[in-house]
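Notes follow the structure.
The numbers here are math on the coordinates, done by the rules we state, and not lab data. Computed from a prediction, not measured in an experiment: that's the story for all the values here.
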Amino acid sequence: MKTVEISILGRSYQISCLKDEEDVLKACVALVDSRMQSLKLKGKLQSTEKIAIMVALTLARDFLNAGGITKEENIKQINAITTMVEHALDNTNEPQNNLF
């Protein structure tokens with residue numbers, strides 16, 4: 001595992017990931033940061049939490065609309081991701097070791 005410092009919406013975070021997944025992590029960070037910056041610039045939302053929720057929902061919609069898997073599989077994946085994110089948020093004093 002490697003700890004990578006990232007920045008989203010001007011805030012720094014430390015995320016642990018496997019060395020061979022660092023490029024994917026950086027691509028994810030770039031996508032999320034870009035969408036959050038864009039939403040913030042539109043001025044409709046100022047709360048970082050609300051911006052993050054809206055971006056998460058639009059990314060989830062985009063993912064689900066990509067197709068190829070059943071509704072039940074989508075629900076299982078969403079539940080697994082939700083659990084992983086909730087666990088990471090519960091451990092805010094530690095790097096988010098299990099996100100990537």
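Can you bin the stretch 10-79 into rounded, prolate or oblate? Criterion: square roots of the alpha carbon gyration tensor eigenvalues sorted a ≥ b ≥ c, rounded for a/c under 1.5, prolate for a/b above b/c, oblate for the rest.
Taking the square roots of the gyration eigenvalues as a ≥ b ≥ c, the stretch 10-79 is oblate.
Please list, in order along the stretch 4-11, the HN-Hα scalar couplings obtained from phi with the Karplus expression 6.51 cos²θ - 1.76 cosθ + 1.60 (θ = phi - 60°), rounded to whole Hz, x for Gly and Pro.
10, 8, 10, 9, 10, 6, x, 10
Tell me which aspartates and glutamates have Cα within less than 20 Å of residue 71's Cα, excluding those fewer than 8 residues away on the same chain?
Output for residue 71: 62.
With θ set to phi - 60° and the Karplus curve 6.51 cos²θ - 1.76 cosθ + 1.60, what are the ³J(HN,Hα) couplings of the stretch 14-26 in order, to the nearest whole Hz, using x for Gly and Pro?
Once θ is set to phi - 60°, the couplings for the stretch 14-26 become 10, 10, 8, 8, 6, 4, 6, 10, 4, 5, 5, 4, 5 Hz.
List the lysines whose Cα sits under 16 Å from the Cα of residue 26, skipping any in the same chain fewer than 8 residues away.
2
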